[in-house]
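Okay, structure first, notes after.
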Amino acid sequence: MPKITAEKLSAELTQNTVSPVYLLTGEDVYRKNLIIQKIREILHPDDFNAFQSEADKADLGEVLALANTSPVFSDARLIVLTGIEKLRKEPKEALIRYLDNPLPTTTFILTHNDSKKMKTEKVLAEICSDAGRVVNFDELKKDDLNMWVRQKMQEKGLKADFASVDLLCESIGGELAALDNEIEKLYLYTLDRENKTITKEDVLACIGFSKEENPFELSNAITACNKNRAVQLVDKLVDDGEEPIGILSKMTFPILKMARIKRLSEAGMAPAEILRAAGLMYWENRLVSSARMFPPSKNFLNALNRIIDADSAFKSSSATDPKIVLKGILLTLFNK
């Protein structure tokens, strides 16, 4: 089943070459939307000849009738259906029948956002490949994600060392739209600065933290099972005036993440499967490797029960000493 890469599709579109059918697969919605926008710019359809909708919210009969209709006072019609993995069997079969013989003056773009489910869509993929283009947009990971960030920074006239790019990716994750927004903030942050080299301090400042504060320090201490360091950080955060409910949130996320990894690891899943099932980013594979060092499952359950009690106490202002409550959660988690 032939496919083309996202890079090849971008090259084709620079030549203003447009196919009657596009099937854009993978979880990276940001890059899909850029491609859709590029095709829209090439075709430049007016309101009479453009239609876009989520697949499960559209009347597919009307959409297919529109696709089979010649454009009005124009050379082309554009139809975009997003999230076709949500279509039921009968509408999907009707869609496949159209794609088997598409109208040349209609450009039909479909997005499928579930990679696992896409593996079973062989008929759809083959039909779309015969009629046009099937292009995969998996989420960028590791070196590809860092390269994307660097390229976006260069487009803004910015430079960054590896540590700064890693920190930005770790802070924001693989969501390209969010990363693009943070890069724009960095551009504005350094607008009046002659030196356009981005530092770790710049990244921390733009995502809302001071130069002295590492937003991941408490989380890292917990996931590293460093009880003493985690307790020290709780003391510091309370003394610095941070709200107890905010500190509790910083503690809850890594504890839940550890509990999820521990459960999947004990179920015998392979490391790569755990990364996917737990929704982890590529740089978090170290947590999978160290899962054997995590506390027993009963500790997680006890700690989570204390988190629920602490949340209620903080919201009702009934907690007398937030340090005792917060450190009690850590001591429960790491109790031997």
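Give the residue that is nearest to K3 (Cα to Cα), with candidates limited to residues of the stretch 114-132 that are basic (K, R) and within 25 Å of the chain's Cα centre (by Cα).
To start, the set of residues in the stretch 114-132 that are basic (K, R) comprises 116-117, 119, 122.
Remaining after also requiring within 25 Å of the chain's Cα centre (by Cα): 116-117, 119.
Working: K116: 17, K117: 17, K119: 13 Å.
Taking the candidates together, the pick is K119.
Tell me which residues, restricted to the stretch 264-315, are assigned to a loop (DSSP other than H, G, I, E, B) and within 23 Å of L331 (Cα to Cα).
The first filter runs over the stretch 264-315 and keeps only residues assigned to a loop (DSSP other than H, G, I, E, B), leaving 267-270, 278-281, 290, 294-296.
Matches in the stretch 264-315: S290, F294, P295, P296.
Select from the stretch 61-90 the residues that are in contact with a strand residue (DSSP E or B) (Cβ under 6 Å, 6 or more places away or on another chain), part of a helix (DSSP H, G or I) and farther than 22 Å from E41 by Cβ and list them in ascending order.
I84, E85
All but one of (1) open to solvent by 20 Å² or more (accessible area, probe 1.4 Å); (2) touching a residue at least 60 places away in the same chain (Cβ under 8 Å); (3) not aromatic (F, W, Y) hold for E85; which doesn't?
The number of the failed condition is (2).
Cβ-Cβ below 8 Å, separation at least six or inter-chain, first residue in the stretch 1-28 and free of Cβ contacts under 8 Å to residues at least 40 places away in the same chain and under 19 Å from D75 (Cα atoms), second among the aliphatic types (A, V, I, L, M) and open to solvent by less than 20 Å² (accessible area, probe 1.4 Å): which pairs?
Close Cβ pairs (under 8 Å, with a partner that is among the aliphatic types (A, V, I, L, M) and open to solvent by less than 20 Å² (accessible area, probe 1.4 Å)) amount to L13/I35; L13/I39.
This table checks each residue for (1) aliphatic (A, V, I, L, M); (2) over 30 Å from E139 (Cα atoms); (3) open to solvent by less than 30 Å² (accessible area, probe 1.4 Å); (4) in contact with a helix residue (DSSP H, G or I) (Cβ under 9 Å, 6 or more places away or on another chain).
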{"site": "N228", "(1), (2), (3), (4)": "no, yes, no, yes"}
{"site": "Q232", "(1), (2), (3), (4)": "no, yes, no, yes"}
{"site": "D240", "(1), (2), (3), (4)": "no, yes, no, no"}
{"site": "N285", "(1), (2), (3), (4)": "no, no, no, yes"}
{"site": "F300", "(1), (2), (3), (4)": "no, yes, yes, yes"}
{"site": "S316", "(1), (2), (3), (4)": "no, yes, no, no"}
{"site": "L333", "(1), (2), (3), (4)": "yes, yes, yes, yes"}
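Among the residues in the stretch 125-136, are any out of contact with any Pro (no Cβ under 9 Å at 6 or more places or on another chain), in a helix (DSSP H, G or I) and among the charged types (D, E, K, R)?
Yes, some residue in the stretch 125-136 is out of contact with any Pro (no Cβ under 9 Å at 6 or more places or on another chain), in a helix (DSSP H, G or I) and among the charged types (D, E, K, R).
Taking the criterion of being more than 30 Å from P104 (Cβ to Cβ), assigned to a helix (DSSP H, G or I) and open to solvent by 70 Å² or more (accessible area, probe 1.4 Å), would at least one residue in the stretch 191-204 satisfy it? First the steps, then the outcome.
At the first step, the residues of the stretch 191-204 found to be more than 30 Å from P104 (Cβ to Cβ) are 191-204.
From the residues that got through so far, the ones that are assigned to a helix (DSSP H, G or I) too are 200-204.
Then drop every residue that is not open to solvent by 70 Å² or more (accessible area, probe 1.4 Å), which leaves 200-201.
Yes - at least one qualifying residue is present in the stretch 191-204.
One residue is enough: does the stretch 153-163 have a residue meeting the conditions under 21 Å from the mean Cα position of the chain (by Cα) and either within 30 Å of I96 (Cα to Cα) or in contact (Cβ under 8 Å) with a residue 40 or more places away in the chain (or both)?
Yes: one or more hits.
In the stretch 88-120, what residues are in contact with a Pro (Cβ under 7 Å, 6 or more places away or on another chain), of a type in the set (S, T, N, Q) and open to solvent by 40 Å² or more (accessible area, probe 1.4 Å)?
Scanning the stretch 88-120 gives a single hit, T105.
The rows are residues; the columns are (1) touching a strand residue (DSSP E or B) at 6+ places or on another chain (Cβ under 7 Å); (2) at pLDDT below 85.
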| residue | (1), (2) |
| --- | --- |
| S164 | yes, no |
| L168 | no, no |
| S171 | no, yes |
| N181 | no, no |
| L188 | no, no |
| L191 | no, no |
| N195 | no, no |
| T199 | no, no |
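Only one of G26, G61 is among the small types (G, A, S) and within 31 Å of the chain's Cα centre (by Cα). Can you tell me which? Steps first, answer last, please.
Values: G61 fails: within 31 Å of the chain's Cα centre (by Cα).
Of G26, G61, the one residue that is among the small types (G, A, S) and within 31 Å of the chain's Cα centre (by Cα) is G26.
Looking at the stretch 14-47, which of its residues are of a type in the set (S, T, N, Q), surrounded by 12 or more Cβ atoms within 10 Å (Cβ to Cβ) and outside any helix (DSSP H, G or I)? Steps first, please.
Of the residues in the stretch 14-47, the ones of a type in the set (S, T, N, Q) are 14-17, 19, 25, 33, 37.
Pick out the ones that are also surrounded by 12 or more Cβ atoms within 10 Å (Cβ to Cβ) and you get 19, 25, 33.
Of everything in the stretch 14-47, those that are of a type in the set (S, T, N, Q), surrounded by 12 or more Cβ atoms within 10 Å (Cβ to Cβ) and outside any helix (DSSP H, G or I) turn out to be S19, T25.
The values are calculated or read from the model by the stated rules, or taken from the named source; none is laboratory data. What you are looking at is a predicted structure, and each value in this text was computed from that prediction instead of being measured. Glycine gets a Cβ as well: all are built from the backbone with ideal geometry, and neighbour counts include every protein chain shown. Ligands, DNA and RNA are stripped out before the accessible areas are found, and what is left, the full protein with its side chains, is counted by its heavy atoms. Shrake-Rupley method; radii C 1.70, N 1.55, O 1.52, S 1.80 Å.
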